[in-house]
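Undergrad: This is the structure I want to talk about, given as structure tokens.
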């Protein structure tokens with residue numbers, strides 16, 4: 001039952017008539033919702049421009065990705081509509097509407113994440129939290145202010161719905177960025193719970209106009225203290241902090257996708273092999289004959305055997321760089337896809353920064369829609385090996401670790 005049914009509006013008006021004063025006209029719900037949608041669209045365009053790579057263009061080229069991104073966007077708009085409508089007395093959100101919204105958000109969360117993956121490592125969890133809260137901060141603060149312009153009679157519930165709207169919008173951007181590898185459901189769900197709980201608490205503090213009107217402030221120090229929590233002070237600070245959080249999140253994403261020459265070299269070889277077919281220039285009848293040819297060119301006799309995982313040797317290629325640096329490429333293929341192993345001589349092992357998983361001496365990265373494994377090959381001189389495949393990180397890690405053992 002709506003809380004509005006338990007309020008004596010006549011008595012409330014009599015108690016608060018002394019506080020009445022002219023205010024700016026409150027825009028209709030649809031007008032405020034349209035402005036919030038324009039803000040979200042601007043953030044999406046800013047993200048595409050700031051990241052410096054065609055995130056949105058890649059999304060447009062993938063029908064399935066666009067559909068999976070449309071669901072959280074629609075859920076975000078629906079939640080924003082309910083929050084704005086709930087700021088009008090007598091139009092509060094019903095329990096049935098809230099339950100339906102929660103079910104939709106959970107469905108969107110499952111679609112946009114990997115339900116089978118456990119919690120991510122600390123590095124990936126930190127990056128996910130920074131990105132999600134950064135992308136949600138500005139839509140949250142603007143929507144919260146728009147709701148506060150009304151009189152929500154269900155402050156905690158309305159605040160929670162504002163949090164759900166911002167969370168669903170953040171899922172849209174995360175889906176566009178992580179279009180090849182969905183984040184872990186557990187990590188994403190925990191971020192959503194924290195954001196919704198924080199928003200509900202903020203609603204209790206700053207959306208409860210009824211309690212504020214009923215409260216009597218007798219002490220001057222109380223008035224001084226509460227003045228710091230007035231909207232004219234909090235909202236500008238929150239907006240500035242939200243903009244900073246957005247750029248921190250975008251900066252974090254761009255750093256994670258900063259060019260890595262060895263990764264680019266491996267991915268380029270993979271894409272060319274997939275488009276034109278892999279061309280061997282060393283004997284590749286078997287793994288042993290191929291390694292023997294590599295040794296003759298000064299490369300180590302070191303290679304992964306993915307045969308037990310269903311991958312067959314597709315061939316090997318000796319292809320030094322223009323500066324003479326020795327490089328080999330080994331192609332493996334299966335019915336489910338292919339992977340490539342690049343081995344290169346190097347002066348010093350300097351792994352790229354950014355979030356990654358480490359298993360023993362193997363470093364796993366996500367880069368340009370690929371999962372990659374970086375290895376420093378010891379005992380053979382200074383060599384590195386990069387394994388690359390366009391599969392999910394969880395599947396890729398399991399594949400490589402099984403090949404190791």
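Throughout, read-outs are computed from the coordinates displayed, never taken from laboratory work. All values derive from a computational prediction rather than experimental measurement. Ideal geometry is used to build each Cβ from the backbone, glycine not excepted, and the neighbour counts take in all protein chains shown.
Undergrad: Fully extended, how many nm does the chain gain between residue 286 and residue 88 (0.36 nm per residue separation, minus their Cα-Cα distance)?
TA: Length difference between fully extended and current span is 63.9 nm.
Undergrad: Something else about it: Ranked highest first by the average count of other Cβ atoms within 10 Å around their residues, in what order do 347-353, 357-363, 205-211 fall?
TA: 205-211, 357-363, 347-353
Undergrad: Please give the length that would be gained between residue 296 and residue 30 if that part of the chain were fully extended, namely 0.36 nm times their separation in residues minus their C-alpha to C-alpha distance (nm, one decimal).
TA: Length gained, residue 296 through residue 30: 88.5 nm.
Undergrad: Ok, one more. Treat the count of other C-beta atoms within 10 Å as a stand-in for reagent exposure and order 334, 284 from fewest to most.
TA: By the 10 Å Cβ count, ascending: 334, 284.
Undergrad: Listing 264, 252 from the residue with the fewest other Cβ atoms within 10 Å to the one with the most, what is the order?
TA: Values: 264 12, 252 18.
By the 10 Å Cβ count, ascending: 264, 252.
Undergrad: Ok, one more. Can you divide the C-alpha Rg of the stretch 261-404 by 2.2 N^0.38 Å and report the result to two decimal places?
TA: Values: Rg = 14.1 Å, N = 144, 2.2 N^0.38 = 14.5 Å.
Cα-based Rg divided by the globular estimate yields 0.97.
Undergrad: Quick check: pseudo-label points 7 Å beyond the Cα along Cα→Cβ at residue 38 and residue 261, how many nm apart are they?
TA: Placing both labels 7 Å beyond Cα along the Cβ direction yields 4.7 nm.
Undergrad: Extending each Cα 7 Å along its Cβ direction at residue 360 and residue 235, get the distance between those two points in nm, one decimal.
TA: So the two model labels end up 5.9 nm from each other.
Undergrad: Could you give the Stokes-Einstein D for the stretch 335-396 in µm² per second, using the C-alpha Kirkwood radius, 4 °C, 1.567 mPa s? Write out the running numbers ahead of the final one.
TA: Working: Rh = 12.4 Å.
This corresponds to a translational diffusion coefficient of 104 µm²/s.
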